[in-house]
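The values are calculated or read from the model by the stated rules, or taken from the named source; none is laboratory data. This structure is a prediction, so every number in the text was calculated from the model and none was measured. Accessible surface areas use protein heavy atoms only, side chains included; no ligands, DNA or RNA. Shrake-Rupley method; radii C 1.70, N 1.55, O 1.52, S 1.80 Å.
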Amino acid sequence: MEPTEHIKDAHEYEKVFQQYLEICNRAIEQNKDKFPYTEIWGAQVRAMKEEMKVEAIVYDDRPKAAFMLRLTKDMKIEIVEKKALPPEEAWPFTYQYLKRVVDNPEDYIENPAKLEWGWLKPVLGSV
């Protein structure tokens, strides 16, 4: 019974992380023409030479899921691949934080400053 529970847990962490990224993408899209996001994101995107990648990890009491993410030139955040082992240089997301965002999406979409954007710093510089 342990392996089935482990698979279920892994799917839950992946699902919540994907929902979180969808909320981030909606927040970017909905606010891209509003001050100060137009200036902040616009300057960063213009500075990008190509699509950028960043590693992320979801953890609870221990690492649960790891991903390679891509930030496209049109400011979409996508999962490129799911990693089998957590990378050493990955941005940590707590499950509790992700769940709080996923459970209250409109609050974060309407107020993108409430989202934790620090994980994009390796890609965008200071956000």
Once phi is turned into ³J(HN,Hα) by the Karplus curve 6.51 cos²θ - 1.76 cosθ + 1.60 with θ = phi - 60°, what whole-Hz value does each residue of segment 108-116 show in order, with x for glycine and proline?
-> 7, 5, 6, 10, x, 5, 6, 6, 7
Under a 1.4 Å probe, counting only protein heavy atoms, residue 94 has an accessible area in Å², nearest 10, of 40
